[in-house]
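The values are calculated or read from the model by the stated rules, or taken from the named source; none is laboratory data. The model shown is predicted, which means the values in this text are computed figures rather than measured ones. Neighbour counts run over all protein chains shown; Cβ positions are idealised from the backbone, glycine included.
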Amino acid sequence: MTTSNLDPQIAQRLKRDSQGLFAAVIQQYDTLEVLMLGWMNDEALHRTLTTGRVTFWSRSRGEYWRKGDTSGHVQYVKNVSIDCDGDALLVQVDQVGAACHTGTRTCFEAGGNLPAMVGSREDA
């Protein structure tokens, strides 16, 4: 990973894992549909904040990748928020095409639902 150009005031708010990464939840800005989860480091966040396109750090390839450069399924940044603990981001985007590498709209369609007991307020 390269040296980051990220604003130091933003960088100091982030909590990173042992590889210098933090989670970025990607959400469609107008429907609030959760599209995917990716990993960023400081430089990937800097690129995301300054280019208007989402950039991730690929853990498997060990390199930066900007969503849509090879697939055409671009993510245009609309808003970026940091959570209260500083260990995750919410990146709201305008997604063009499929968000998932499998070709589905979201990465949560391909995996399917897990068998979870559904709770309700009345059960509490």
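Per-residue answers, yes or no, for (1) in contact with a helix residue (DSSP H, G or I) (Cβ under 7 Å, 6 or more places away or on another chain); (2) surrounded by 15 or more Cβ atoms within 10 Å (Cβ to Cβ); (3) without any contact (Cβ under 8 Å) to a residue 24 or more places away in the chain:
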| residue | (1), (2), (3) |
| --- | --- |
| Asn79 | no, no, no |
| Leu90 | no, yes, no |
| Gly103 | no, no, yes |
| Thr106 | no, yes, no |
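Among the residues of segment 37-68, which ones are among the hydrophobic types (A, V, I, L, M, F, W, C), within 19 Å of Lys78 (Cβ to Cβ) and surrounded by 23 or more Cβ atoms within 10 Å (Cβ to Cβ)?
Met40, Ala44, Leu45, Val54, Phe56
Every residue, every condition in (1) of a type outside the set (D, E, K, R); (2) modelled with pLDDT of 95 or more; (3) part of a helix (DSSP H, G or I), yes or no:
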position	(1), (2), (3)
Ser4	yes, no, no
Lys15	no, yes, no
Ala23	yes, yes, no
Gln27	yes, yes, no
Trp57	yes, yes, no
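Could you please let me know if Ser71 is polar (S, T, N, Q), assigned to a loop (DSSP other than H, G, I, E, B) and out of contact with any Gly (no Cβ under 6 Å at 6 or more places or on another chain)? I'd like the intermediate steps shown before the answer.
Values: polar (S, T, N, Q): yes; assigned to a loop (DSSP other than H, G, I, E, B): yes; out of contact with any Gly (no Cβ under 6 Å at 6 or more places or on another chain): yes.
Taking the combined requirement at face value, the residue satisfies it.
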